[in-house]
Structures are given as structure tokens and as C-alpha cells.
1. Just going by the charge dipole of the chain, with Lys and Arg at +1 and Asp and Glu at -1 on Cβ, which of Thr226, Thr284, Gly257 is farthest out on the positive end?
2. Out of all DSSP beta bridges in the chain, what portion is antiparallel? Express it as a percent rounded to 5.
3. Just how far, in whole angstrom, is the range 157-194 from the range 281-358 if you go by their alpha carbon centroids?
4. Let me know the shape class of the range 65-152, please: from the alpha-carbon gyration tensor, a ≥ b ≥ c as square roots of the eigenvalues, rounded when a/c is under 1.5, otherwise prolate if a/b is greater than b/c, or oblate.
5. Using alpha-carbon positions, what is the distance between the centroids of the range 120-135 and the range 9-42, in Å?
6. How do Asp282, Asp212 line up, fewest other C-beta atoms within 10 Å first?
7. All other residues with a Cβ under 11 Å from the Cβ of Gln161 taken together, and with Lys, Arg as +1 and Asp, Glu as -1, what is their net charge?
8. Counting other beta carbons within 10 Å of each Cβ, put Tyr362, Tyr28, Tyr324 in order, fewest first.
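What follows draws every value from the coordinates through simple rules; no lab data is involved. All of these numbers come straight from a predicted model, not from anything done at the bench. Cβ sites come from the backbone with ideal geometry, for glycine too, and all protein chains shown count toward neighbours.
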Amino acid sequence: MQFDYHNPTQLVFGAGSLARLGELARRYGTRALLVTGGGSVKRSGTFERAFQGLVDAGLSVFECEGIEPNPRISSVRRGAAMAREHGCDLIVALGGGSVMDAAKAIAAAVPYDGDPWDMIVHGQPEPHVPTEALPLITVPTLAATGSEMNCAAVISNAETQEKSFVQAPCLYPRVALLDPELTLSVPRDQTAYGVCDLITHVTESYFNGIGDTPIQDRFAEGVILTAMEYGPKAIADGADLNARAQVQWAATLALNGWVNSGTGVRGYPVHMIEHTVSAYHDITHAAGLAVINPVWMRFAAQTNTAKFVQFAERIFGLQASGPYDMACALAGIDRFEAFLKSIGCPTRFSELGIDGSLIETYAKETLRIIHDDQGLLPGRPAMREADIVDILR
Ligand code: NZQ
Ligand code: ZN
């Protein structure tokens with residue numbers, strides 16, 4: 001096991017911490033581009049508080065509103081133009097993963113002369129990896145992606161029907177300001193999707209790693225068990241602040257690099273396949289994950305059986321007859337799929353209005369966007385086009 005861990009983002013966590021936004025922002029800039037989504041932060045009053053906090057701290061604030069779920073490269077271009085026009089020296093993201101991702105891409109697009117789509121990995125031989133970006137503060141209003149404390153952004157291109165990512169150290173936010181009170185207004189379905197997304201982040205590194213990573217396994221299992229305990233509470237009672245806080249902390253930990261450090265994770269195949277399906281159908285990210293992940297698990301369990309047995313035993317308390325007890329591995333996956341259903345996630349594409357007519361296209365597209373030296377989708381096991389087709393079917 002070998003790894004190098006460095007996450008420079010300051011994490012500020014706790015109910016009421018939005019009140020610290022102005023003080024924290026003042027350290028990094030004087031003219032802030034405040035990036036927001038489709039209006040939820042206006043309806044909840046969060047926008048007013050954030051805006052006022054920044055103004056009271058002496059900052060000039062310019063709003064870039066209307067970032068859509070599955071944020072578009074066109075919004076990134078618009079935001080970068082606004083930031084340049086107003087001479088912004090700081091980006092503040094106030095919203096869900098879509099807002100945070102768009103804000104990251106905007107932060108990197110401002111000092112870049114080319115088109116920001118060059119930065120997004122989409123099958124071109126050498127994507128432009130950004131090396132500089134404006135300082136960014138993330139204030140998540142939805143617990144799901146972990147974008148608040150990582151250096152990745154996922155961006156869609158509606159014209160070309162592509163959805164992919166950029167990842168670069170300069171995209172780490174300076175501060176992630178996590179105030180679980182801001183997530184109290186998240187509706188039930190988005191709360192459930194957030195739980196599914198965060199669990200999937202952890203299962204991807206748990207099952208696609210090198211193995212023999214006992215500490216990371218326990219971290220991952222801790223995140224999953226916490227999400228499975230507090231997620232349903234947050235869904236049942238959206239006003240349960242403690243449940244919201246536990247879910248939010250789990251979501252951040254799930255993808256800030258800590259849980260997967262040293263796992264040698266070979267890829268995020270479920271995510272890569274979902275991104276392609278999302279690019280074609282503009283579905284909610286984790287709704288797609290909920291459909292794909294259990295099916296991928298049944299496929300991967302054929303080669304990585306012992307890890308799936310461990311999952312079944314430690315997450316669901318099942319008893320295996322031995323480390324390669326396939327029936328136990330599959331029973332654990334069934335239980336996991338049942339959990340996703342129980343919180344209201346779809347587990348079939350038909351529930352999302354997607355039929356099977358484009359399955360080959362999704363498989364080809366996924367591999368065109370990302371593949372290893374042998375043309376396979378990275379993961380454990382690496383997948384051929386036919387494997388992806390089988391899973392989707
Ligand atoms: O747009 P507004 O009006 O703000 O409404 C949003 C949106 O409709 C709403 N919402 C957010 N906070 C709310 C709220 N509604 C009520 N109260 C609040 N407090 O929720 C809806 C979904 O928001 P979105 O930001 O799209 O959701 P999420 O946080 O799940 O982000 C999904 C995006 O992140 C990408 C996904 O692919 C997708 O594009 N991902 C980013 C990752 C990363 N950067 O590391 C990793 C993930 O795996 C993921 O791929
Ligand atoms: Zn995800």
C-alpha cells in the first residue's frame with residue numbers, strides 16, 4: 001500500500017456556521033461571484049443570509065444564478081464571463097453539487113484563455129488540466145456529492161450529449177463551510193438520492209481497490225452504516241437536524257479522498273456509466289447510480305467474491321459459510337438493493353422513463369470517454385463493451 005494524501009480544504013462544520021461566511025471569505029478576496037442554482041436558496045432564505053454576510057464583511061458581491069442540475073458547460077462559460085467582467089477575485093458556491101461543480105469550473109476558466117470544455121475529460125487525447133483557479137469557498141445546501149471538499153467537477157455538454165469530469169489540485173476549495181441547517185429544506189427524493197450517491201462513492205473505492213486495506217475498509221463501512229442509519233431518519237423527518245448533520249458529514253467524508261486513500265482504487269465504473277446515461281437523459285445522478293450499482297455489484301462479485309462477502313457480513317450481519325460464499329455475497333447485494341428501494345430510489349431504468357434502445361451507445365460512449373491502455377473501462381474487474389451492455393440490459 002502506498003499513497004500520498006493532501007487535502008488543503010479547511011472544513012468548517014456545524015449548525016449555524018453560515019454566519020462565518022463573511023469572515024472566511026474576507027481572507028481570500030474582495031469581489032465575490034456568488035454562484036447559485038435554480039432558486040432553492042432564495043426560497044429558503046439562505047441566499048439572503050449569505051449575500052448579506054459577504055456584504056457586511058466588506059465584499060462586493062455579484063450573483064451568477066441559474067446553474068442547472070447536471071451543470072452545463074454553457075453555464076460555466078457564462079459564469080466565467082461574469083467573473084471577468086466584474087473583476088471577481090473569489091468564487092463562492094451556494095448550492096448542491098451542481099452549483100459547486102460549476103463554480104469550480106468557473107474558478108479555473110477565469111484565468112484560462114481557451115474554452116473551458118477543453119478541461120473536461122471527454123475522449124480527447126490530452127485534456128487541458130488546469131493549474132490555476134480563483135480561490136473558491138463551497139457552501140453546500142445538499143448532502144450528496146462530496147464536491148465541497150474535493151478537487152473534481154462534473155460538467156455536461158448538452159450540444160454533444162457528453163458528461164464528464166475535470167480533476168486538478170487547484171480545484172480544491174479553500175474552505176468548505178458545512179452548515180447542516182441549510183440542508184433542512186432538501187426534499188425527500190433529493191435526500192434519498194444524496195444517501196445513495198454518498199454510499200456509492202464509498203462502494204466504488206471499497207470494491208475497485210487493490211484489497212488488503214483493512215483501515216480503509218472500516219472507514220468505508222462506517223460511512224455506509226452511518227448513512228444507512230441516519231439517511232432514513234432524514235428522509236422520514238426532514239427537520240431532524242442531527243440526522244441531517246450525520247448524513248452531511250458522511251457525504252463529505254465519502255469523497256474527500258480520506259476513505260479511499262491507499263485503496264489504489266482502479267476506477268469508478270458505476271459513476272462513469274451513469275454519467276453517460278445522464279448525458280443522454282438528464283436524469284438525477286444518484287437515481288442512475290441506484291439502478292446501475294447493484295447490477296454492477298452482481299457482476300463484480302463474480303471476480304471479487306471475498307470482498308462482497310465481507311460487505312454482506314459487516315453491513316448486513318449475514319453469516320457466510322466461508323470467504324468465497326457466493327450465495328452470501330449475492331444476498332448482501334440483494335439487501336443493499338432493497339435498502340435503496342426502501343428509501344425511494346429507483347432500481348430499474350424503466351422507472352426513469354429510459355428504455356433499452358440506446359444501451360450499446362451508452363457502452364461505446366462510456367469507453368470512448370474513458371478507457372485504460374487496453375481499451376477497457378477501469379475498475380475491478382476492468383470492463384469490456386459487452387460487459388457494460390450486459391449490466392445495462
Ligand atoms: O437548483 P436549485 O434550485 O438549488 O435546486 C436543487 C436541485 O433542483 C435542489 N436543492 C439543492 N439544495 C437544496 C435544494 N432544494 C431544496 N433545499 C435545498 N437546500 O436539489 C436539486 C439537485 O441539486 P444538485 O446540485 O443537482 O444535486 P447534487 O448535489 O446531487 O449534485 C449532482 C451533480 O454533482 C455531480 C453529479 O454528476 C451531478 O451533476 N457529481 C459531482 C461529484 C464531485 N464533484 O465530486 C461527484 C459525484 O459523484 C457526482 O458525479
Ligand atoms: Zn456520485
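1. Thr226
2. Details: 7 of 28 bridges.
Expressed as a percentage, antiparallel bridges in the chain total about 25.
3. First find each Cα centre; the distance between them is then 23 Å.
4. On the way: a/c = 1.58, a/b = 1.18, b/c = 1.34.
Oblate.
5. Computed from Cα coordinates, the inter-centre distance equals 25 Å.
6. Values: Asp282 14, Asp212 11.
Starting with the residue having the fewest Cβ neighbours, the order is Asp212, Asp282.
7. Numbers: positive: Lys163; negative: Glu159, Glu162, Asp282, Glu365.
Local net charge: -3.
8. On the way: Tyr362 22, Tyr28 19, Tyr324 12.
Neighbour counts put them in this order, fewest first: Tyr324, Tyr28, Tyr362.
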